[in-house]
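Quick note: the coordinates plus some simple rules give every number you see, no bench work behind them. A quick note: this is a predicted structure, and the numbers were derived from the prediction, not measured. As a convention, Cβ positions derive from the backbone with ideal geometry for all residues, glycine included, and neighbour counts pool all protein chains shown.
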Amino acid sequence: MTRDFAVTDDRGTGALPRYAGPARGLSELTGKEKTPAVNTGVIRSWRHFLAFGLGSGLVRVTPGTFGTLVAIVFYLPLSQLPHWLYAVCVVCAFSFGVWLCQSVSDDLGVHDHGGIVWDEFVGYWITMFLMPFNWGWILAGFALFRLLDIWKPWPIRWIDKHVQGGLGIMVDDVIAGAAACIILHAIRLGAGF
């Protein structure tokens, strides 16, 4: 399904930016719901660029998985912070993400567009909270978070369907991340790591 979006510029003048409207470079995105094609010029807006995970959300197949891979890159320096500062950064990223996802979703005219992957960033960072820094845990966190985010067991699926707006876009991934974090810590403690 393809559709062009009415997008206003970041200065609030109401004028359409150059990338809005019919354009070349349409990218079909699939994911959380049937999502219309997005003009790849959309990443000229800093808000869209961030919401689309620095462009990783424009990948045609499994944008959430590619967004989570990019989240790992940012996890590497985050993991070196003191635990309290890591938590503050994640809370700030969540709060900013509620606004960001709502704003970009409104621009695109689609709730929870599959290409919006900022929520995957935050969900993955929650998954890895207080985990030891090594590639085994990093990859295990990636796999478990993606499994829960795609599968959406209760209550994640219910929240995904019933909570609207930027909060709704973010909170299902926050819960998937928290569940993945708890499971990883249980495995770690059970295995004596």
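Under a 5 Å amide H cut-off, with hydrogens placed 1.01 Å from N, Met128 pairs with nothing among residues at least 5 apart or on other chains.
Each eigenvalue of the Cα gyration tensor of the range 46-193, multiplied by 5 and square-rooted, gives one semi-axis; in descending order these are 24, 16, 14 Å.
Taking every pair of alpha-carbon atoms in the range 124-183, give the share separated by more than 18 Å as a whole percent. Taking all Cα-Cα pairs of the range 124-183, the fraction more than 18 Å apart is 31 percent.
Given R₀ = 30 Å, what would the calculated FRET efficiency be for Trp154 paired with Arg44, taking r from the Cβ atoms and rounding to 0.05? So, using R0 = 30 Å, E works out to roughly 0.15.
Along its principal axes, the range 38-92 has C-alpha extents of 40, 22, 15 angstrom, given from the largest down. Rounded to the nearest whole Hz, the Karplus-based 3J(HN,Hα) values (6.51 cos²θ - 1.76 cosθ + 1.60, θ = phi - 60°) of the range 162-170 follow the sequence 10, 9, 9, x, x, 4, x, 5, 7, with x at glycine and proline.
Karplus-derived 3J(HN,Hα) values for the range 144-152, using 6.51 cos²θ - 1.76 cosθ + 1.60 with θ = phi - 60°, are 5, 4, 4, 4, 5, 5, 7, 5, 6 Hz; glycine and proline are entered as x.
Residue-wise HN-Hα couplings along the range 45-58, as the Karplus relation 6.51 cos²θ - 1.76 cosθ + 1.60 with θ = phi - 60° gives them from phi, are 8, 4, 5, 5, 4, 5, 4, 8, x, 6, x, 5, x, 7 Hz; Gly and Pro carry x.
In this label model, Phe96 and Gln164 are separated by 2.8 nm, measuring between points 7 Å along each Cα→Cβ vector.
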